[in-house]
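Chemist: Below is the structure I would like to discuss, written out as structure tokens.
The values are calculated or read from the model by the stated rules, or taken from the named source; none is laboratory data. The shown structure was predicted, so the numbers you read here are calculated from the model rather than taken from an experiment. So basically every Cβ, Gly included, is an ideal-geometry build from the backbone, and we count neighbours across all protein chains shown.
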Amino acid sequence: MNRYLALGVFVVFLGTTLAVAQNVEVATTIAFTEGPTVDVDGNVFFTDQANNRIMKLGTDGKLSTFRHPANYANGLVFDPEWRLIACESGDKMAGTPTRVTRTDLKSGKTEILAEKYEGKDLVAPNDVTLDGKGRIYFSDKPATNTGEGGVYRIDPNGRVTRILAPPEIQVPNGLVISPDDKILYLVEANPGEKGARMIRAYDLGVDGTATNMRIFHNFYPGRSGDGMSIDVKGNLYVAAGLHRRRGTSETLDTKPGIHVFAPSGELLKFIPIPEELVTNCAFGGADLKTLYVTAGKTLFKVRTEIEGTRR
């Protein structure tokens, strides 16, 4: 048995058994899934962007709508007080802005954490993570290299600081911080010709600044990573790859699934996911050894041997 991942034997998809090389199970099927995160009780929250909803898969297996409309939420994460933080792309029809919000599940109260920077609206908040000091980091993903967007940090006092900006970065997507708070990993997902399609790694200072960029893994010319998670040993679990081309310069060189990288950058394992597009992943379960994976209209789950983190 591989010491990194304990995998089972089948995948069930819309009532059909699909033959795959590793054990991935369907947790539920919905629409276009993104941004999974798991609460203290083991309920899985994830976004259905196509239908502008945040969904909840209960520990009893029942699927329900947590919020609709959801301002086209994308990445989600629970903070240490079990409040739900959401990156929201905004709804022009409803007149709601792009923003990052935090919802207290007990009271139902939602507060806006960030919607502007230096007087300008955020472009499209995409993914979000936390460090051990309770600081929030999120990516703001521009459609083109406009000079806007970047990676931001929200301090506990509410101050918003941009820590990475174009042209040093192009199309920031998934991000996560190592368990020791020393490294910030950032996915670049520029599908354009010669666009950055890689994972960047930065030294994360005690003050929350990011320095000393190096390329952790380069997916080019294939599709880059999207969202990612990290386990207690610092191994990265990255959703990446395509089953078929989608009219961009991205090739099929990146296999579609979860790519598991050691902190050294070595590829430890690959978990194939049979649906397009694999978008994100998060750890859950009582022992934090269940990895939930969003892809297309399906939420998959797979058991791991190493305990995950909630970042």
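Chemist: Select from the stretch 182-213 the residues that are part of a loop (DSSP other than H, G, I, E, B) and surrounded by fewer than 17 Cβ atoms within 10 Å (Cβ to Cβ) and list them in ascending order.
Modeler: Correct list: 182, 191, 192, 193, 194, 205, 206, 207, 209.
Chemist: Hey, another quick one. Just to check your reading of the model, which residue among 279, 298, 254 is at pLDDT below 95 and either under 17 Å from the mean Cα position of the chain (by Cα) or closer than 28 Å to residue 192 by Cα (or both)?
Modeler: Matching residue, one of 279, 298, 254: 298.
Chemist: Taking interchain pairs and intrachain pairs at least six residues apart, which have beta carbon atoms under 6 angstrom, with the first residue in the stretch 186-213 and at positive phi and the second modelled with pLDDT of 95 or more and surrounded by 14 or more Cβ atoms within 10 Å (Cβ to Cβ)?
Modeler: Filtered contacts from the stretch 186-213: 208/135; 208/153.
Chemist: Could you please tell me which pairs satisfy a Cβ distance under 6 Å, a separation of 6+ or placement on different chains, a first residue in the stretch 28-50 that is under 18 Å from residue 290 (Cβ atoms) and without any contact (Cβ under 8 Å) to a residue 40 or more places away in the chain, and a second residue that is part of a strand (DSSP E or B) and not hydrophobic (A, V, I, L, M, F, W, C)?
Modeler: Within 6 Å, the pairs are 43/56; 45/37; 45/56.
Chemist: Now, a different point. Report every pair of residues separated by at least 6 positions or lying on different chains whose Cβ atoms are under 6 Å apart, first residue within the stretch 268-280 and without any contact (Cβ under 8 Å) to a residue 40 or more places away in the chain, second in a strand (DSSP E or B).
Modeler: 270/257; 270/259
Chemist: Which numbered condition trips up residue 20, out of (1) surrounded by 21 or more Cβ atoms within 10 Å (Cβ to Cβ); (2) at pLDDT below 95; (3) part of a loop (DSSP other than H, G, I, E, B)?
Modeler: Residue 20 satisfies all of (1) surrounded by 21 or more Cβ atoms within 10 Å (Cβ to Cβ); (2) at pLDDT below 95; (3) part of a loop (DSSP other than H, G, I, E, B) except (1).
Chemist: What are the residues in the stretch 232-287 that are in a loop (DSSP other than H, G, I, E, B) and of a type in the set (S, T, N, Q), if any?
Modeler: Once the filter is applied, which keeps residues that are in a loop (DSSP other than H, G, I, E, B) and of a type in the set (S, T, N, Q), the stretch 232-287 yields 235, 248, 249, 254, 264.
Chemist: Evaluate the stretch 167-177: report whether one residue or more is touching a residue at least 60 places away in the same chain (Cβ under 8 Å) and polar (S, T, N, Q).
Modeler: no
Chemist: Filter the stretch 170-181 down to the residues that are part of a strand (DSSP E or B) and hydrophobic (A, V, I, L, M, F, W, C) and list them by number. Steps first, please.
Modeler: To start, the set of residues in the stretch 170-181 that are part of a strand (DSSP E or B) comprises 172-177.
The answer is 175, 176, 177.
Chemist: Looking at (1) touching a Ser or Thr at 6+ places or on another chain (Cβ under 9 Å); (2) over 19 Å from residue 222 (Cβ atoms); (3) assigned to a loop (DSSP other than H, G, I, E, B), find the lone condition where residue 302 falls short.
Modeler: It fails just one condition, (3).
Chemist: Still on this structure, please answer the following. Of the numbered conditions (1) in a loop (DSSP other than H, G, I, E, B); (2) touching a Pro at 6+ places or on another chain (Cβ under 9 Å); (3) modelled with pLDDT of 80 or more, residue 45 satisfies every one except a single condition; which is it?
Modeler: Every condition holds for residue 45 apart from (1).
Chemist: What number of residues within the stretch 214-234 satisfy the criterion of being more than 12 Å from residue 198 (Cα to Cα) and either over 17 Å from the mean Cα position of the chain (by Cα) or surrounded by fewer than 21 Cβ atoms within 10 Å (Cβ to Cβ) (or both)?
Modeler: Summing the residues that are more than 12 Å from residue 198 (Cα to Cα) and either over 17 Å from the mean Cα position of the chain (by Cα) or surrounded by fewer than 21 Cβ atoms within 10 Å (Cβ to Cβ) (or both) in the stretch 214-234 gives 3.
Chemist: Follow-up. Please note which strands (runs of 3 or more DSSP E) are completely contained in the stretch 101-163 and include at least 2 residues that are surrounded by fewer than 21 Cβ atoms within 10 Å (Cβ to Cβ) and among the hydroxyl-bearing types (Ser, Thr, Tyr).
Modeler: none
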